[in-house]
1. For the range 197-230, give me each residue that is under 14 Å from the mean Cα position of the chain (by Cα), within 14 Å of Phe253 (Cα to Cα) and of a type outside the set (A, V, I, L, M).
2. Criterion first (of a type in the set (D, E, K, R), closer than 25 Å to Thr243 by Cβ, more than 18 Å from the chain's Cα centre (by Cα) and in a helix (DSSP H, G or I)) does Arg112 satisfy it?
3. Would you point out which residue out of Asp26, Asp7 is farther than 17 Å from Cys76 by Cα, modelled with pLDDT of 90 or more and out of contact with any Lys or Arg (no Cβ under 7 Å at 6 or more places or on another chain)?
4. Checking Thr28 against (1) more than 24 Å from Leu148 (Cα to Cα); (2) surrounded by fewer than 17 Cβ atoms within 10 Å (Cβ to Cβ), which test does it fail?
5. Can you say whether Leu54 is assigned to a helix (DSSP H, G or I), touching a Leu at 6+ places or on another chain (Cβ under 9 Å) and farther than 23 Å from Val168 by Cα, as far as the supplied structure shows?
6. Looking for something more than 26 Å from Ile95 (Cβ to Cβ), without any contact (Cβ under 8 Å) to a residue 60 or more places away in the chain and crowded, with 22+ Cβ neighbours inside 10 Å - is there at least one such residue anywhere in the range 156-178?
7. Could you tell me whether Val106 is in a helix (DSSP H, G or I), closer than 27 Å to Val25 by Cα and either touching a Cys at 6+ places or on another chain (Cβ under 8 Å) or of a type in the set (Val, Ile, Thr) (or both)?
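The values are calculated or read from the model by the stated rules, or taken from the named source; none is laboratory data. Because the structure is a prediction, the values reported are computed rather than measured. All Cβ positions, even for glycine, are placed from backbone atoms using ideal geometry, and neighbour counts span all protein chains on display.
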Amino acid sequence: MTSTRPDTESLILSGEPALEYQPLVDLTSGRLLGFEALLRWRHPDEGVILPSLLLPWLEANGDIVQLGEWVLAEGCQQAAAWPKNIQLAINLSIIQLRRGVGSSAVAKALERSSLDPDRLTIEVTEHAMVEEIAMNDLRKIGALGVELAVDDVGTSWTSFDVLRRMAVNTVKIDRSFVGSIEPQQGINRLVVETVVSLAHSGGISTVAEGVETAQQAAIVRGFECDAAQGYFFAPPLSIEVATELANEPGYCFAFEGAGWVANAFTPHSQRSAPAEHQPFSFGRDEG
């Protein structure tokens with residue numbers, strides 16, 4: 001007897017979005033800097049729907065813009081309750097930028113949440129740095145006072161001169177390079193070290209993505225990378241656990257010898273009240 005799985009449209013229309021938050025760690029002090037908001041789509045029976053199914057469907061049906069607005073509204077609302085030294089990073093779709101609506105969505109989310117603009121970082125891919133329409137919307141976002149970060153750097157090698165002219169604050173080194181620096185693979189280590197050096201020469205900070213081992217953390221710290229995120233430090237967390245971590249006085253990750261060891265953060269789940277979330281529904285019938 002075989003079971004029939006719903007098609008992609010049914011899976012998505014029957015599910016709902018949620019955000020998880022992955023910690024960002026300072027590589028000099030081990031201090032918690034903030035969180036990156038990561039989109040999840042949950043179906044009541046099938047569980048979490050893979051991004052490889054979700055994102056192409058949303059883009060093809062024109063719903064990625066509406067969902068992007070929800071992510072901004074939800075993330076900013078939650079971050080507004082964190083201490084003022086904790087940052088929030090949110091990814092913006094290039095489709096939002098191409099349509100020139102990314103800046104208005106950011107402005108609306110900041111206004112409704114009362115989140116200070118300098119506590120928000122908007123992350124985009126390198127492709128947004130080579131399309132004039134997208135770059136125009138990015139300039140408007142930067143004018144709001146938020147910070148700009150370029151994700152997955154190293155895969156396309158956008159000119160650092162372009163990044164400087166766009167007033168990019170941070171570049172995030174792609175996990176494919178970070179995950180291959182342990183076995184002494186020269187080209188991957190060279191890419192990471194070169195990105196860090198070029199970024200720092202232009203006054204741009206650096207984040208290593210996908211750090212999963214103490215050795216990887218030690219290597220990128222040795223290259224003077226500024227910050228890192230990945231499962232070595234913590235997996236993506238629910239908003240309740242992330243908020244508890246954000247409010248942990250003086251919390252940071254600790255050094256041990258030449259490597260790293262993560263402090264064990266044990267959330268007091270019984271003390272974490274469920275957070276209120278922004279409602280979301282596909283509004284295709286609206287005028």
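1. Gln229, Gly230 - these are the residues of the range 197-230 that are under 14 Å from the mean Cα position of the chain (by Cα), within 14 Å of Phe253 (Cα to Cα) and of a type outside the set (A, V, I, L, M).
2. Numbers: of a type in the set (D, E, K, R): yes; closer than 25 Å to Thr243 by Cβ: yes; more than 18 Å from the chain's Cα centre (by Cα): yes; in a helix (DSSP H, G or I): yes.
In short, yes.
3. Values: Asp7 fails: modelled with pLDDT of 90 or more.
Residue meeting the stated conditions: Asp26.
4. (1)
5. Numbers: assigned to a helix (DSSP H, G or I): yes; touching a Leu at 6+ places or on another chain (Cβ under 9 Å): yes; farther than 23 Å from Val168 by Cα: yes.
So Leu54 fits the description; yes.
6. For the range 156-178, residues more than 26 Å from Ile95 (Cβ to Cβ), without any contact (Cβ under 8 Å) to a residue 60 or more places away in the chain and crowded, with 22+ Cβ neighbours inside 10 Å: present.
7. Numbers: in a helix (DSSP H, G or I): yes; closer than 27 Å to Val25 by Cα: yes; either touching a Cys at 6+ places or on another chain (Cβ under 8 Å) or of a type in the set (Val, Ile, Thr) (or both): yes.
So Val106 passes the test.
Conditions (1) crowded, with 19+ Cβ neighbours inside 10 Å; (2) in contact (Cβ under 8 Å) with a residue 60 or more places away in the chain; (3) of a type in the set (A, V, I, L, M, F, W, C), marked per residue:
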site: Glu74; (1), (2), (3): yes, yes, no
site: Ala80; (1), (2), (3): no, no, yes
site: Ser93; (1), (2), (3): yes, no, no
site: Gln96; (1), (2), (3): yes, no, no
site: Ala105; (1), (2), (3): yes, no, yes
site: Leu115; (1), (2), (3): yes, no, yes
site: Leu120; (1), (2), (3): yes, no, yes
site: Ala134; (1), (2), (3): yes, no, yes
site: Asp151; (1), (2), (3): yes, yes, no
